[in-house]
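Inspection log for the structure reproduced underneath, given as C-alpha cells.
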Amino acid sequence: MKTNDRPLKDVVLEILKKYRLQDHLEETRLVGEWEKIAGKIIAAHTSGLYIKDGILFVKVDSAALRQELQYRKEKLIDILNKNAGKVLIREIIFR
C-alpha cells in the first residue's frame, strides 16, 4: 500500500507555490506587522494599508506626519523588504 504521508506545512507551501499565492501571503503578513515595523505612534496615525502591484498604500491622518514619512520612505521600504526576506515593496504612497 502506497502512502502519501507528508507534513501539512509542505502541502500548504506546495499549494501556495502552485497558485502563486506566496507573495500575497507575505504582503498580508507585512500589513499585519505594520505596527511592529513602523512603531506604535506611526501605526496609531495610519490606516487603510494595502499592497497592490508592489506598492504599499497608507492613509495618514496628519499632513505633518505624511511629510515626515515621505522623508523616511526609502528606509521603510528597506525594512519592509528585509522583513519579507525579498523585494515585495517597490514604492509607498502616503495619502
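The values are calculated or read from the model by the stated rules, or taken from the named source; none is laboratory data. Keep in mind it's a predicted model, so treat the numbers as computed, not measured. Reconstructed Cβ throughout: ideal geometry from the backbone, glycine too, with neighbour counts over all protein chains shown.
Applying the selection to region 26-37, what residues are of a type outside the set (S, T, N, Q), part of a helix (DSSP H, G or I) and surrounded by 12 or more Cβ atoms within 10 Å (Cβ to Cβ)?
E26, E27, R29, L30, V31, W34, E35, I37
Please indicate, with yes or no, whether at least one residue in region 53-65 is in contact (Cβ under 8 Å) with a residue 12 or more places away in the chain and in a helix (DSSP H, G or I).
Yes; the residues of region 53-65 include at least one that is in contact (Cβ under 8 Å) with a residue 12 or more places away in the chain and in a helix (DSSP H, G or I).
Being surrounded by 11 or more Cβ atoms within 10 Å (Cβ to Cβ) and either in contact with a Gly (Cβ under 6 Å, 6 or more places away or on another chain) or of a type in the set (A, V, I, L, M, F, W, C) (or both) is the filter here, so list the residues in region 38-63 that pass it.
Scanning region 38-63 gives A38, I42, A43, A44, L49, I51, I55, L56, F57, V58, K59, V60.
The rows are residues; the columns are (1) over 16 Å from the mean Cα position of the chain (by Cα); (2) polar (S, T, N, Q); (3) modelled with pLDDT of 95 or more.
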| site | (1), (2), (3) |
| --- | --- |
| A44 | yes, no, yes |
| K52 | no, no, no |
| R66 | yes, no, yes |
| Y71 | yes, no, yes |
| V87 | no, no, no |
| R90 | no, no, yes |
